[in-house]
Each structure stands twice: as C-alpha cells, then as structure tokens.
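Q: My structure is below; once you've seen it, I'll send some questions.
The values are calculated or read from the model by the stated rules, or taken from the named source; none is laboratory data. Just so we're clear, the structure is a prediction, and the values are computed from it rather than from any experiment. Here the Cβ positions follow ideal geometry from the backbone for every residue, glycine too, while neighbour counts run over all protein chains shown. Note: areas computed on protein heavy atoms with side chains; ligands, DNA, RNA excluded. Shrake-Rupley method; radii C 1.70, N 1.55, O 1.52, S 1.80 Å.
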Amino acid sequence: NDSDLFMSSKESAPMAIALLAPATGDIKNKGLKRRQENTESSVMIENELMQLCRAKDWANVIRRVRAYPEEAIPKRVHDHHQGNRFDVHSSKRCISGAPSPSTTSEGLYYETPLGLACASREIDSALLVEVIIALIMASPDQIRASQLIPGHTPLRDAILNNRCDCVVLRALLDADIMCDKLQGSATSALAMNDRNGHLPLDHLMMGVQLG
C-alpha cells in the first residue's frame, strides 16, 4: 500500500546518499588534482646554478658552472615538461613563477645564468668579466636566447647595464660568432629585435647619445 511505499522510500534514501557519497568525493578529488596539476605546470624548477645567480653568489657561480656546465644550457619555454626535471647534481632546488607554455612563443627561453649576470648591477667589474667568460664557455647558446620576451637576450641586458664594459661586450660578441660556427644559420643576437622593434645596436647608440 501507499504507507509501505512511503516507508520503503524513506529507508532507501540514506542508502542512496551513502552510495552517491564516494562518487561525489571522487569528483571533488579529481577536480582538486586537476587544479594542482595546472599549478605545477606553471612553475619552473631551477637548478643550483640559477639559484646561485639569483643569490648573486658570483664566486660560487664560477665554481658551479665549471663543475656542471650543463646547468647553463638555456631551456625553451615550450620544452617545460621535458626540461623541468630534477637535476641529479643539485643539492638544493627552488621554484619560481614562470609563464604557462601555452601562452608563450616557441622561440622563447626561460631566464639564463648569462642573462642574470649581464643584468646584474651589483657585481665588481673584474669579477663580472670572469663570470661572463665562465658562463659563455659552458654554453655560448645563451647569447641568443630570448628570455621570456622576444629580443630580451643577454647581449641586450649587457648593453643596457653600464657595469658591462667593452671587455664584456667583446666576449659576448665573440660568443655570438662562436654560435655561428656551431649552429650555422641560427639568428645572430645582433639581429634580434626586441618587442619595441629595437636591435641591440639601437640600444647601444641610444646609450651613447644619452651619455
């Protein structure tokens, strides 16, 4: 009768809720996992050399890059998932924010040790030359790496940094020539426009005029 059906439906309701609860929990857990994966995909795990550069520990930068030159090799942004592996040589690692690979150009790289050194304004000029040469010897390819922004190369950083003298600029230009011998048709750092359309030599001329 109707009363029996009503009682039966009341008794079955908690059971139905209990059966649905695990499924609901699974959906929530999957959503949380997706959010965590999206967060992880937007960060870059940096190696020991990059950490030393950010800490401006230049004496140890020289020691590190001579021992592990592979840590100076520039990493493409779109290779984030393949290149963002833990370095077996690194005793420490840090995570820094980086743009999502899906929103960046294929020709862009993450920041490089050479770029950080060329942009530093808190380093003795003599030590800077030693740091630059050590980083170039480890990986001359860094000179042509546009770091996160088109045309934002270590050469551009050096030209805009008054602590980088003619010796540093000559070392960077020699590295660019070295890349020609190693890569053939790769675009020279001197021919890379920044997002304002300026070449490195444009910045150099503007600096001379302003100086």
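Q: List pairs: first in the stretch 105-130 and surrounded by fewer than 18 Cβ atoms within 10 Å (Cβ to Cβ), second of a type in the set (Gly, Ala, Ser) and not in a helix (DSSP H, G or I), Cβ under 9 Å, 6+ apart or cross-chain?
A: Ser105/Ser146; Gly107/Ser146
Q: While we're looking at this one, here's another question. Return the total of residues in the stretch 116-165 being farther than 20 Å from Trp58 by Cα and among the small types (Gly, Ala, Ser).
A: Count: 3.
Q: Can you spot a residue in the stretch 40-62 that is among the small types (Gly, Ala, Ser), part of a helix (DSSP H, G or I), at pLDDT 95 or above and touching a Pro at 6+ places or on another chain (Cβ under 7 Å)?
A: No, every residue in the stretch 40-62 fails to be among the small types (Gly, Ala, Ser), part of a helix (DSSP H, G or I), at pLDDT 95 or above and touching a Pro at 6+ places or on another chain (Cβ under 7 Å).
Q: From the residues in the stretch 137-196 that are touching a residue at least 60 places away in the same chain (Cβ under 8 Å) and open to solvent by 20 Å² or more (accessible area, probe 1.4 Å), which one is farthest from the chain's Cα centre (by Cα)?
A: Looking at residues that are touching a residue at least 60 places away in the same chain (Cβ under 8 Å) and open to solvent by 20 Å² or more (accessible area, probe 1.4 Å), I get Met137.
Q: I would also like to ask the following. Find all pairs meeting these conditions: Cβ atoms under 9 angstrom apart; at least six residues apart or on different chains; first residue within the stretch 60-71 and of a type in the set (Gly, Ala, Ser); second residue open to solvent by 10 Å² or more (accessible area, probe 1.4 Å).
A: Ala67/His89
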